[in-house]
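Just below is one structure, and these are the notes that go with it.
The values are calculated or read from the model by the stated rules, or taken from the named source; none is laboratory data. Values in this document were obtained by computation on a predicted structure and should not be read as measured data. Backbone-built Cβ (ideal geometry, glycine too); neighbour counts: all protein chains shown.
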Amino acid sequence: MKLLPTVAALSLIAATGAVQAADPNLARNLAATCANCHGTNGNAVKGGGIDALAGVPKDKTLQKLADFKSGDKPASIMHQIAKGYTEEQLDLIAGYFAAQK
Amino acid sequence: MMLMKRRDFLKVGAAAGAMASLYGCAGGGKASGHVVVVGGGYGGATTAKYLRMWSEGGVQVTLIERNPTFISCPISNLVIGGTKTMEDITISYDGLKNKWGVRVIQDDVVAVDAAKRTISLKAGGAMTYDRLVLSPGVDFMWDQIPGLNNPDAQAKILHAWKAGPQTVALRKQLENMKNGGTYAIAIPKAPYRCPPGPYERACLVADYFKKNKPKSKVVILDANEDVMSKKGLFTKAWTDLYKDIVEYRNNSEVKDVDVASNTAILEFDKFKADVLNVIPPHRAGDIAAKSGLKMINNRWVDINWLSMEVNGTPGVHVIGDAIFPAPTMPKSGHMANQHGKLAAAAILNMLSGQEPSPTPVVMNTCYSFVDAKQAIHVASVHQYDAATKVVQPVKGAGGVSVARSELEGKVALGWAKNIWADMLA
């Protein structure tokens, strides 16, 4: 149980909204939840009809996600999925994919 | 099978590690050890790949799978409907072996000794692990349908609820059925694998009948009170597309079968079909059920949502359909893939002396075809909730299709290509 203080510290950081700083793999882990459809590390299978996200500038992905959330960009499914993530999480995800090749 | 030859394995690992760095992996790196993954389906294959990728080859991974190739359950209803082939849903494990350096062994695990951290293989011998991931899927509770509790009966009255020979056999039965015959599908009480799957199958068999044997009928014998998934969309498809073909009967639990006459025996009623397709109730796959792991309702494994580690059994993680699900979480291939990533991330933290991430997220997307071209979906996102210690569905997120469409049919096939690559390529 020697790791308990770490957990307590993480909880404290989470409460202040800066949890990403404490978990270096958070962006990677969150982005992996998108990979089922958008490909491992955002490299979608060519010809699969689903957008690749790897290397897409962060601002562009964030704008798309915001438009899905607001309904400005019509979608069959992404408006429902985007609403499941916090703004901070979407920021991490978009940043992670932007850094992929 | 002998204990693993560590030296040989390290050679493969080094090669793949060098390759992995080409794929832009970040993080991890410090974790080391040997992880054994049992079951190469949506959950296990994903775990194996992501452990190798995220550790940049630092963690050795052995995947033990009884079948020579992966065969997908999702899309297999299109094989039953006759518009896809087994080849379309069969994929080699070569990508895991050659690209990611996963040691893939075709065998069955017959015992787990969690105290000694060893597993025993059917072919003989044992293997040690630092962490074990069981992704065994489901096995059937044959005793719930006594007439089916023998191999001959199971070869005649099929489930086709694990893709493989039964998929082919059910297709053959439908092809051999006369025009004017009846196909009945029996659905067990929830929870069961792939909540919308039986209704999708009813649609695709109906689509086949409509085009080829138009006098035939599809009868759905559902043990549940109502359609368990995408209700409005399925019922609309039955009304719009299959008005005189599909008949839905709720509260119709099949308690037994008379194999000779192909008859389903319900509580107060009997139903004779030309092709009888009974999906028996199921539980966690045998190896999980017999390894002394903590079970809920004697059926599903009780896991910790931060790590997928079994409560009370350190070092053993269980993922996929075998677990007791979080609220509203379906037993699906997509979800098993997400469990696999959650487990891989947690295991790499644990193997390098860190706690698992305190904020895991998983999400589900599930497409169902209502005819050969048109599909519908359901989606959900589940975030870890520290108060209940469970991943909880995000309110206001997720949902179902507005209407069936060919566009979603195309996306559904794109989903399959991408998730197969995400787990195996």
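Taking residue B:287 as the residue in question, decide whether it is surrounded by 22 or more Cβ atoms within 10 Å (Cβ to Cβ) and free of Cβ contacts under 8 Å to residues at least 24 places away in the same chain. When the stated conditions are applied, residue B:287 does not pass them. Restricting attention to segment B:337-374 and to residues that are among the aliphatic types (A, V, I, L, M) and more than 10 Å from chain A (Cβ to nearest Cβ), the residue that is farthest from residue B:322 (Cα to Cα) turns out to be B:372. Among the residues making up segment A:56-101, those that are of a type in the set (Ser, Thr, Tyr) and either within 11 Å of chain B (Cβ to nearest Cβ) or crowded, with 20+ Cβ neighbours inside 10 Å (or both) are A:61, A:76, A:85, A:86, A:96.
Summed over segment B:180-239, residues that are more than 21 Å from residue B:138 (Cβ to Cβ) and acidic (Asp, Glu) total 3. When you check residue B:260 against the structure, is it more than 26 Å from residue B:74 (Cβ to Cβ), free of Cβ contacts under 8 Å to residues at least 12 places away in the same chain and either in contact with a Phe, Trp or Tyr (Cβ under 9 Å, 6 or more places away or on another chain) or surrounded by fewer than 21 Cβ atoms within 10 Å (Cβ to Cβ) (or both), yes or no? Considered against the rule, which asks whether it is more than 26 Å from residue B:74 (Cβ to Cβ), free of Cβ contacts under 8 Å to residues at least 12 places away in the same chain and either in contact with a Phe, Trp or Tyr (Cβ under 9 Å, 6 or more places away or on another chain) or surrounded by fewer than 21 Cβ atoms within 10 Å (Cβ to Cβ) (or both), residue B:260 comes out as yes.
Of the residues making up segment B:385-399, those that are surrounded by fewer than 21 Cβ atoms within 10 Å (Cβ to Cβ) and either touching a residue at least 12 places away in the same chain (Cβ under 8 Å) or at the interface with chain A (Cβ under 9 Å from one of its Cβ atoms) (or both) number 9.
When the strands (runs of 3 or more DSSP E) confined to segment B:138-229 are screened for residues that are more than 20 Å from the chain's Cα centre (by Cα) and farther than 28 Å from residue B:299 by Cβ, those reaching at least 1 such residues are found at B:182-187, B:217-222. In this structure, does residue B:416 turn out to be in contact (Cβ under 8 Å) with a residue 40 or more places away in the chain, more than 8 Å from chain A (Cβ to nearest Cβ), under 23 Å from residue B:314 (Cα atoms) and buried (at least 20 other Cβ atoms within 10 Å of the Cβ)? No: the conditions fail for residue B:416. Residues of segment B:218-239 that are of a type in the set (D, E, K, R) and loosely packed, with under 15 Cβ neighbours inside 10 Å: B:225, B:226, B:231.
If we scan segment B:70-81, do we find a residue that is surrounded by 24 or more Cβ atoms within 10 Å (Cβ to Cβ) and within 14 Å of another protein chain (Cβ to nearest Cβ)? No. Of the strands (runs of 3 or more DSSP E) entirely within segment B:63-135, those holding at least 1 residues that are at pLDDT 95 or above and within 21 Å of the chain's Cα centre (by Cα) occupy B:103-106, B:109-113, B:131-134.
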